[in-house]
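Engineer: Have a look at this one.
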Amino acid sequence: MEAKASESGLPEDCCNAIVLRRVYHHLSDAAATNASLFRALRPGGLLAVIDFPPPPLFGRGSLGVPVQEVVDELTARGFHMVRLSTDWPGRGPLGTYCVLLRKPLPHAGMIATPV
């Protein structure tokens, strides 16, 4: 299985957890990638995004992504925020953060049917 620019390549409902470490800021089509990650997680599954903010005067790109942008994009896709740690270790003098999100469980009483 091979990932593409906007597709994780993971099968639907295959993962209990996915970790993206210093990758999110490189996504060229975050909305499509986030949809792919959402499909790959089982209901209740966790997504951890570990990344770093860009230096002052820089926007998203090879030099990081603002944490609020990550949160906004993933919650817009349907993930629920679990925890945010803005002092994650591992990036030397620049700050690193970890955003932990969960794919929600289906609502009680709803029955999933194949499409």
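The values are calculated or read from the model by the stated rules, or taken from the named source; none is laboratory data. Every value quoted in this text rests on a predicted model; they were computed, and no experiment measured them. Note that we place each Cβ from the backbone using ideal geometry, even for glycine, and neighbour counts take in every protein chain shown.
Engineer: For the range 1-25, how many residues meet the condition of being surrounded by fewer than 16 Cβ atoms within 10 Å (Cβ to Cβ), modelled with pLDDT of 90 or more and more than 19 Å from LEU84 (Cβ to Cβ)?
Structural biologist: 5
Engineer: Same structure, new question: I'm trying to understand the selection: among the residues of the range 34-60, which are under 14 Å from GLU73 (Cα atoms) and out of contact with any strand residue (DSSP E or B) (no Cβ under 7 Å at 6 or more places or on another chain)?
Structural biologist: ASN34, ALA35, PHE38, ARG60
Engineer: Among (1) farther than 14 Å from PHE38 by Cα; (2) surrounded by fewer than 17 Cβ atoms within 10 Å (Cβ to Cβ), which single condition is GLY78 missing?
Structural biologist: (1)
Engineer: Would you pick out the residues in the range 40-56 that are surrounded by 15 or more Cβ atoms within 10 Å (Cβ to Cβ) and not aliphatic (A, V, I, L, M)?
Structural biologist: GLY45, ASP51, PHE52, PRO53, PRO54
Engineer: Okay, next question. Say we look at the range 95-115 and pick out the residues that are aliphatic (A, V, I, L, M) and at pLDDT below 70; which of these is surrounded by the fewest Cβ atoms within 10 Å (Cβ to Cβ)?
Structural biologist: By that ranking, first place goes to VAL115.
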